[in-house]
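Presented below is the structure to which this report refers.
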Amino acid sequence: MQEVNNYIYVLIIISISGIIFLCAVAIYFYIQSLKKVSRQKEDRQKMEVVYKASMLSVIIQLQEEERKKIGRELHDGIGSILAALKLRMSSTTSLLEKNRENIRDIDTISNIVRNLSHLLSPPELELLGFHEAVESLCDTYQNKDGLQIIVNDAVPGFIPKNRLQLSLSLYRVLQELITNTVKHANASKIVIDIKNEKDTFVVDYFDNGIGFNEAGKIKPGLGMQNVYGRLLVIGATYRIQTSPGRGFRFTVFVDHKHIH
């Protein structure tokens, strides 16, 4: 009888062990299945990001090509006509006094056309590179409506001149930020710090304007959507810091591997 009981206990132990083993196997395969689904989801998300970045890159490239065309038309077309008109008017000595006011108006229009041409297709980027182009961009807005712009570039020349897409994307980001400050922020000062933090290139933009509430929950306009798209294309990240009455800060981070 004792032997029968022992045999039953052994069978029970073996059965329980078998059940535990089967449960463990089932749990293992369930976890592996979850991991596989998770990996597939991550792969799909990565593919979507890559696809979105590639599409944005094409769109941005087309936009820049159109900007260049318009810039060339402004500079070479309208600008040259105004210059010829000014020359004809100033060469007639008997009409010089009469036409002096017209010549001043033509000078004003020519300056506007030249500034628009440079903003649409900044020649400094290709000729001098990102760092010098930023200085020139800020000079365009400097003292406009009393606005002071300070650029602190701790790493001049860090972005090579041949990295035109990277330079252009960062340039357009700053251009959009400055434009927004001028239009909406009621600021008296902008500070742009360009520096390196370990293995990261940093462009830190700050204005002392009115700021706003909960930056992350505000639906961005077309200009800021374009900013986010450009940063995605070049592999950059960003951080927004703002609150009412405390200005607006937009910091861009670019890993050095995306630069060199």
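Give me the residue from region 133-170 that is without any contact (Cβ under 8 Å) to a residue 12 or more places away in the chain and open to solvent by 70 Å² or more (accessible area, probe 1.4 Å) and, out of that set, farthest from residue 183 (Cα to Cα). Spell out the reasoning first.
At the first step, the residues of region 133-170 found to be without any contact (Cβ under 8 Å) to a residue 12 or more places away in the chain are 139, 142-143, 162.
Next cut, open to solvent by 70 Å² or more (accessible area, probe 1.4 Å) only: 139, 143, 162.
Values: 139: 17, 143: 14, 162: 33 Å.
Per the criteria, the residue is 162.
Going residue by residue through region 185-200, is there one that turns out to be open to solvent by less than 80 Å² (accessible area, probe 1.4 Å), part of a helix (DSSP H, G or I), farther than 25 Å from residue 126 by Cα and in contact (Cβ under 8 Å) with a residue 24 or more places away in the chain? Looking for residues that are open to solvent by less than 80 Å² (accessible area, probe 1.4 Å), part of a helix (DSSP H, G or I), farther than 25 Å from residue 126 by Cα and in contact (Cβ under 8 Å) with a residue 24 or more places away in the chain, one finds at least one in region 185-200, hence yes. Restricting the first member to region 234-260 and to residues that are in a loop (DSSP other than H, G, I, E, B), and the second to residues that are among the acidic types (Asp, Glu) and surrounded by 12 or more Cβ atoms within 10 Å (Cβ to Cβ), the beta-carbon pairs closer than 9 Å and six or more apart or on different chains are 235/255; 236/255; 247/207.
In region 102-159, how many are assigned to a strand (DSSP E or B) and either hydrophobic (A, V, I, L, M, F, W, C) or modelled with pLDDT under 85 (or both)? Of the residues in that region, 3 qualify.
The values are calculated or read from the model by the stated rules, or taken from the named source; none is laboratory data. Small disclaimer: the values here were computed from a predicted structure and weren't measured. Please note: Cβ atoms are built from the backbone with ideal geometry, for glycine as well, and neighbour counts cover all protein chains shown. To get the accessible areas, we keep the full protein, side chains included, count just its heavy atoms, and leave off ligands, DNA and RNA. Shrake-Rupley method; radii C 1.70, N 1.55, O 1.52, S 1.80 Å.
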